[in-house]
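Scroll down for the structure; my scribbles are underneath it.
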Amino acid sequence: MAFISSSSPYQRVRRSTSEIMLLVLLCLIPGIFLQSYFFGLGNLLQILLASTVALLSETLILILRKRPILSTIKDGSALLTGVLIAIAIPPLAPWWIAVIGTVFAVIFVKQLYGGLGQNIFNPAMAAYVLLLISFPVQMTTWIPVQSLHPFSLTVMDQINALFTGFTLDGYSVAQISTSIDGLTMATPLDTARNALNSGKTISEIFNSPEYKASSWQAIEWVNLGFLIGGLILLYKRVILWYIPIAFLAGISIFSFIAFAYNPDLNISPLFHLFSGATMLGAFFILTDPVTASTTVKGRIFYGVLAALIVVVIRNIGGYPDALAFAVLLANMCVPFIDYYTQPKVYGRGR
Amino acid sequence: MTTTPINLLSEEQLAEISSGKHWSFHGGIHPQENKQQSSKAIIKDAGIPPFLVIAVEQKGESPLLLVNIGDSVLKGQALTKATDVMVVQNASSSGTVTAIEKRTDLHPSGLPVLSVVIATDGLDRSVEYSRCADYKAQTNTQLIEKIQNAGIIGLGGAGFPTHLKLAHYAAIKLLIINAVECEPYITADDRLMQEHGDEIIDGITVLQHILKPQLIVIAIEDNKPDAIAAIKRALQKKQSSQSANIIIRTIATHYPSGSEKQLIEIITGQQTPIGKHPSELGIVMHNVGTVFAIKEAIIDGKPLTSRIVTLTGEAFRKKGNVSVRIGTPIQYLLDKYEFTPTASQKLIIGGPMMGFSITHGDVPVTKTCNCIVAPTLQEMPESPPEMPCIRCGECAEVCPAQLLPQQLLWYANSKDNSKLDEYNLSSCIECGACAFVCPSHIPLVQYYRIAKAEISSAKQQAEKAEIARIRFEHRAARLQQAKLDRQVKHKQAAEKRKQQLQETNGGEDLIAAAIARAKAKKQATADPSDAPADNKKDAVAAAIARAKAKKQAAAEHSDAPADNKKDAVAAAIARAKAKKQAAAEHSDAPADNKKDAVAAAIARAKAKKQQALESTQINTEINPENSAAIAARKARKEQARLHKRQDLPAQIIDTTIAEPQTIDTTIKASDDKKTKIAAAIAKAKAKKIAQKDQ
Amino acid sequence: MSDYVLLFFGTVLVNNFVLVKFLGLCPFMGVSNKVETAVGMSFATTFVLTLTAALSYIVNTYLLMPLDLIYLQTLSFILVIAVVVQFTEMVMHKTSPTLYRLLGIFLPLITTNCAILGLALLNITENHDFVESIIYGFSAGIGFSLVLVLFSSIRERLASSDVPLPFKGASIAMITAGLMSLAFMGFTGLIK
Amino acid sequence: MLINIAIAIFTLGILGAIFGAILGYSSLRFKVKSDPIVEELDAILPQTQCGQCGYPGCKPYAQAIANGEDINKCPPGGDAVMRQLAERMGIEPKNLEGEEKPKLIAFIREDQCIGCTKCIQACPVDAIIGATRQMHTVITDECTGCALCVDPCPTDCIDMVPVVLTTQNWQWDLNLIPTKNSTER
């Protein structure tokens, strides 16, 4: 009688990597829903497009690398990358934005480093930075909130706009992005930055028609959506609290310092927390375990570092939102942080 | 082995411990316990198997055996002799020793070790046990020796010899009785406590007598309420001055709280520093099963011949705890307790977290085997395929040693031993908590075991290399010294010759000078080639001899002028040189030449040896009584000669001067040996011929 | 004072010599295999940069300018650099033979590191005074060190990852450097 | 014009002279005497003293490596030692010259040994004991497996045998207990 030989332990927890990825995707839903509620179905189209491209490019590179395809695709990491890119880019950005970003993320940032678990940089954020630097115009044109639209956009309009740059009626994306008042739309952070640069104070900005026309309320709602999703992730123990809490606390503290120093030139902590991609970043991007630090102290440091970079660049840097840059810069420091934040091993003194 | 206490627990700490405060350790998990499968039934005797296989090898060393094949043994009879680290192995039932051979051991490797096989007679006759009511009259040394002779080792799993643990009784402040049994499925200790609470308390009193600790803590996990109650009852019965400092500490069910280091942290809040022994903190820990065995050994005089094994898992029809004789084949237990194998059946020795699997039942139960789990596939499914590590850090959260398993995995995969060391792989206790929680189903423990083995073998190799280097350097130094000695000797000999020459020749110095010159010249030519110049030296010696002869002739004829003499010497030297060159040229490769020369030398040596042997034998035949002495003398002479010829290192010569007795035995065995040697010589010759043919 | 601080942070982050100005890429690729060597190289380069900044300023201001020998700038700066590097090499050989060997050819090659000559020339084109020159040199060295050490710790991790064969070694390092450069673009406009 | 050139040459000359003096002084001040690397390299080498590298022992080979000899000439050390050497020397690893063999130790067949002491003399680490016309034997713990004793034996009674596997030197094995790996590393 021969028995099977295998290694201890023989009991295991029955949660798998694919399930984790799936849970993360599910928890994105509230945010995505709010996004499409406010900005139209463009982002859903982008998600569809980006996911398809992500899966295709993952398959392609796996064929080239002669690696098992199905089991790797099943881990869901490529899908998640695609979805994150789609959420991050403007809903009516041209189709090739999503395609370039996704292909770059999956092939260059993830698979060339050896695939899941071995990439140094967050694929979605690296792709976002690449797109932002290469195509600043397309990447900063957000369409206004639907209620402020001068035109009502149908699904077909949006599909057309995505692929040709024009709606069925022949309006260009730039035209749609102009709200009723004829002001070009940008994100609230963008608006605030431009106004600050032109010498206005914060309170002036918040009362200005540009700002009111900007989609600040919508963005706040979307952030709230991601916050809810993130809390579910925390509750389900898919992510641990260290990074999100450290990051959000860091944002509040650093922005408060700046705000207290000069409230006329620096935006308030609350505004920092609920604008841009703060919540998405805190719960869904910085917590990507592969590119984040893995030690407890390291994670806290990582979160705080990202927060510092975000606040500094938002307040005095050249870009409106800094989350993607902050994530990449923090990623860069991870091996270094990990090395210097090793926990004290049992018996190594207290 | 004495350890100096470095950081003994203070009075305050002990007071804190006895006040009921307890601590916790980092990480840990809560696996499904599945203890109810086996915890209800009372302990039964597993019976006497037809044969017993008792492994006697311990840590790779074979002890002195006290029995031979064919001997009949009684239960409790010692099979081996105890040495300082090894304990006695006792027969676990009566019968006959049928074999002493290598048999598969209960070890994950499945490798064979030296074992004594006993065919049982079913009578289970035992040696007379001498009960000892008043063990307190005996000294600690006597008691510890008794424990060693009873063959008691740690029954919790690691199997560390108990007498070694008791050896430093001087500075023990805290004795912890480990009755935690945190591994799922296992209930052996649980049942033992329920049924033998009084004996356990007695055993604790024995330990108390030996160690004299200030405090004794019995640690039990809170999932064993019956056992806790039983021990409490037993302790209350004992109500005396003895039990005053014994406390029962119920700890939360939290794997791996039963691990020595983690339990010490729970009880005392102290961590055992890396590389230190708990005894250096004034703490010693014994498993509750061991305590029971100590009680039996000291009070009842019974050696350790059986242990309690939990048979569990859905593939066993009759589950429960049984008392099994050491050496019982597992197959016997499988048959007796109606094991029904299912598809892709596993058989796990120990618990499901830290145990190992065996591939067949033909292995014996050893002293450390506390549980046999035979799970069905539904109970413990095959591990799903391994996925890449996503560095989620779950493993670091649960690691009781506070390691970073994800980093360790990374470096184990890239075989970066120095990094593994930096990340303290050696602190890993292989508890399996990391692999338990890993969402990518990576068998982390397995990777660490391999990396650990590789590191330790690399370390061993480095140590070995260091020894080899030292030995090589010593040898080189010795050879150098020998060379110098030889040179000195040669010089002295030369001086002597010169003196003799001067004496015989009446101060005729000229020729000596010529020879010296010739020598110098020759040395100049001989030096660059490193060839083992036996042959060259011979040639040189011949030339010198010839030169000498000539000189003598010349001296006798003394009418020849000095110039002429010089010419003759020069000619002789030239001839010698020519000869040497010819010898060098006639074989194409110098190496072959060397080999030939060596082979020839060997052949010569052999021929000589054979002659010597033959003559010895003739001597033996003629005068058998005197032969040994003669042979010895001859051998010595021969060796002296060989020594001169071959310049053997001094060390070997020392051993070669054989005593007459050895020679005696050689001669006696010579008939048999002679044929072998003849064969060997023939072989050597054949080899030589073959080499020549090449 | 705040000017100096701004100059420091500006040079370390915004106008990082390696990732933004693309100077000194040779040692950046060459000695970033191990953190240990990278740290050594960082010290050596920072030392050389600072010393060169000071010496080249002195040579330029007190020798070449008065004598109207501006056309000899490149020549004399190279002379200065060569001397400083030689000096550093000797000190390092004496104090840390291990590091000396690990750095190997890259230590004397600091001489031809474009970051150093670039620094000396940039100091002149930007009209830095003596203190500014030294701060500029030092902060360029710190910026170089920062990215070199981070890059080397990344590469240590890369060494054991399953990178496709054609991308192993220098090519994935190049891609990584590119991504790092992308990230550093985020500092653009931080300090005008 | 000429004077300009003269000034230029003179200036550079002075500059060069000053710097030269500094360097000259510091070359004396920071003089390095010995090279500790040979010891370190020697510590890496497996000390089999087998001579397969072409040097009479490990120390001479270490010396040779320090002087620029190839690092790939040590088959007993195998790939691992070569990599360590490469790291220590700061050069790229090369392919090993000669093949890496499993670890062997010498074993003397007793009945054929004629006691010639040839092997004793050949052994670089004194791992063979015995005496003239007495049977020789190998101290297995000390044998480095260099096989230098095999050739000198006149009766070919020395075999190189693999080390016996016991529960003491047994190692966990990924092949024995296979771990599945989806990336097929």
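In this structure, is residue C:7 within 14 Å of another protein chain (Cβ to nearest Cβ), in contact with a helix residue (DSSP H, G or I) (Cβ under 7 Å, 6 or more places away or on another chain) and part of a helix (DSSP H, G or I)?
For residue C:7, the condition - within 14 Å of another protein chain (Cβ to nearest Cβ), in contact with a helix residue (DSSP H, G or I) (Cβ under 7 Å, 6 or more places away or on another chain) and part of a helix (DSSP H, G or I) - is not met.
Considering each of B:424, B:370, B:417, B:413 in turn, give the residue that is in contact with a strand residue (DSSP E or B) (Cβ under 7 Å, 6 or more places away or on another chain) and over 16 Å from residue A:4 (Cβ atoms). Before you say what the answer is, go through the steps one by one.
Numbers: B:424 fails: in contact with a strand residue (DSSP E or B) (Cβ under 7 Å, 6 or more places away or on another chain); B:417 fails: in contact with a strand residue (DSSP E or B) (Cβ under 7 Å, 6 or more places away or on another chain); B:413 fails: in contact with a strand residue (DSSP E or B) (Cβ under 7 Å, 6 or more places away or on another chain).
Matching residue, one of B:424, B:370, B:417, B:413: B:370.
For the range A:238-350, which fully contained helices (runs of 4 or more DSSP H) count at least 2 residues that are within 25 Å of residue A:80 (Cβ to Cβ) and in contact (Cβ under 8 Å) with a residue 60 or more places away in the chain?
The helices (runs of 4 or more DSSP H) meeting that bar are A:242-261, A:296-316, A:323-340.
Quick one: in the range D:81-103, which of the residues that are more than 22 Å from residue D:148 (Cβ to Cβ), modelled with pLDDT under 80 and within 14 Å of another protein chain (Cβ to nearest Cβ) is surrounded by the fewest Cβ atoms within 10 Å (Cβ to Cβ)?
If we take residues in the range D:81-103 being more than 22 Å from residue D:148 (Cβ to Cβ), modelled with pLDDT under 80 and within 14 Å of another protein chain (Cβ to nearest Cβ), then D:92 is surrounded by the fewest Cβ atoms within 10 Å (Cβ to Cβ).
Given C:100, C:57, C:71, which one is more than 28 Å from residue D:31 (Cβ to Cβ), under 19 Å from the mean Cα position of the chain (by Cα) and among the aromatic types (Phe, Trp, Tyr)?
C:57
Looking at the range A:276-302 only, could you name the residues that are away from chain B (no Cβ under 13 Å), within 17 Å of residue A:335 (Cβ to Cβ) and buried (at least 24 other Cβ atoms within 10 Å of the Cβ)? Even if it seems obvious, please write down each step before you answer.
Of all residues in the range A:276-302, those away from chain B (no Cβ under 13 Å) come to A:276-286, A:301.
Right, trim to within 17 Å of residue A:335 (Cβ to Cβ) and you get A:286, A:301.
Across the range A:276-302, the qualifying residue is only A:286.
Kindly indicate whether residue B:76 is modelled with pLDDT of 85 or more and either farther than 23 Å from residue B:304 by Cα or out of contact with any Gly (no Cβ under 6 Å at 6 or more places or on another chain) (or both).
Judged against the criteria, residue B:76 is a match.
Quick check, is residue B:208 within 21 Å of residue B:267 (Cα to Cα) and surrounded by fewer than 22 Cβ atoms within 10 Å (Cβ to Cβ)?
On the way: within 21 Å of residue B:267 (Cα to Cα): yes; surrounded by fewer than 22 Cβ atoms within 10 Å (Cβ to Cβ): yes.
Here the answer is yes, as residue B:208 does meet what is asked.
In the range A:17-38, what residues are closer than 19 Å to residue A:238 by Cα, of a type in the set (Ser, Thr, Tyr) and surrounded by fewer than 19 Cβ atoms within 10 Å (Cβ to Cβ)?
A:18
For the range C:67-142, which helices (runs of 4 or more DSSP H) that fit wholly inside it have 1 or more residues that are at pLDDT 85 or above, more than 14 Å from every other protein chain (Cβ to nearest Cβ) and under 28 Å from residue C:37 (Cα atoms)?
Passing ranges, in order: C:114-125.
Does any residue of the range B:223-239 turn out to be among the charged types (D, E, K, R) and buried (at least 24 other Cβ atoms within 10 Å of the Cβ)?
Yes, that holds for at least one residue.
Which residues, taken from the range C:47-59, are farther than 20 Å from residue D:5 by Cβ and within 12 Å of chain D (Cβ to nearest Cβ)?
Hits for the range C:47-59 are C:51, C:55, C:56, C:58.
Would you confirm whether any residue within the range B:354-371 is within 14 Å of chain C (Cβ to nearest Cβ) and at pLDDT below 90?
Initially, the range B:354-371 is screened for residues within 14 Å of chain C (Cβ to nearest Cβ), giving none.
Checked against the condition, which is being within 14 Å of chain C (Cβ to nearest Cβ) and at pLDDT below 90, the range B:354-371 yields no hits at all.
Give the range C:161-189 a look and list any residue that's small (Gly, Ala, Ser), within 7 Å of chain A (Cβ to nearest Cβ) and not in a helix (DSSP H, G or I), or say none.
Looking only at the range C:161-189, we keep the residues that are small (Gly, Ala, Ser), and these are C:161, C:169-171, C:173, C:177-178, C:181, C:183, C:186, C:189.
Add one more test, that the residue is within 7 Å of chain A (Cβ to nearest Cβ), and what stays is C:161, C:183, C:186, C:189.
The answer is C:161, C:189.
Of the numbered conditions (1) of a type in the set (Gly, Ala, Ser); (2) surrounded by fewer than 19 Cβ atoms within 10 Å (Cβ to Cβ); (3) farther than 30 Å from residue B:357 by Cβ, residue B:99 satisfies every one except a single condition; which is it?
Of the numbered conditions (1) of a type in the set (Gly, Ala, Ser); (2) surrounded by fewer than 19 Cβ atoms within 10 Å (Cβ to Cβ); (3) farther than 30 Å from residue B:357 by Cβ, the odd one out for residue B:99 is (3).
What is the residue count in the range A:1-33 for residues that are closer than 30 Å to residue A:47 by Cα and at the interface with chain B (Cβ under 7 Å from one of its Cβ atoms)?
Residues flagged as closer than 30 Å to residue A:47 by Cα and at the interface with chain B (Cβ under 7 Å from one of its Cβ atoms) within the range A:1-33 amount to 4.
Exactly one of (1) closer than 14 Å to residue C:117 by Cα; (2) part of a helix (DSSP H, G or I) is unmet by residue C:21. Its number?
(2)
Go through the range B:145-174 and count every residue that is touching a Gly at 6+ places or on another chain (Cβ under 7 Å), assigned to a strand (DSSP E or B) and closer than 28 Å to residue B:372 by Cβ.
Residues that pass the stated criteria total 1.
For residue B:366, work out the one condition from (1) part of a loop (DSSP other than H, G, I, E, B); (2) within 23 Å of residue B:94 (Cβ to Cβ); (3) more than 33 Å from the chain's Cα centre (by Cα) it doesn't fulfil.
(3)
Looking at the range B:403-472, what helices (runs of 4 or more DSSP H) fall wholly within it and have at least 3 residues that are aliphatic (A, V, I, L, M) and within 13 Å of chain C (Cβ to nearest Cβ)?
Qualifying helices (runs of 4 or more DSSP H): B:405-413.
List the pairs whose first member sits in the range D:51-63 and is more than 11 Å from residue D:39 (Cα to Cα), whose second member is among the small types (Gly, Ala, Ser) and at pLDDT 85 or above, and whose Cβ atoms are under 9 Å apart, counting only residues at least 6 apart or on separate chains?
D:53/D:64; D:54/D:64; D:55/D:62; D:55/D:64; D:57/B:476
Scan the range A:59-69 and give yes if some residue there is crowded, with 22+ Cβ neighbours inside 10 Å, more than 14 Å from every other protein chain (Cβ to nearest Cβ) and modelled with pLDDT of 90 or more, otherwise no.
No, the range A:59-69 has no match at all.
The values are calculated or read from the model by the stated rules, or taken from the named source; none is laboratory data. Note that the coordinates shown come from a computational prediction; the quantities given were computed from them, not determined experimentally. No Cβ is skipped: glycine too gets one built from the backbone with ideal geometry, and neighbour counts run over all protein chains shown.
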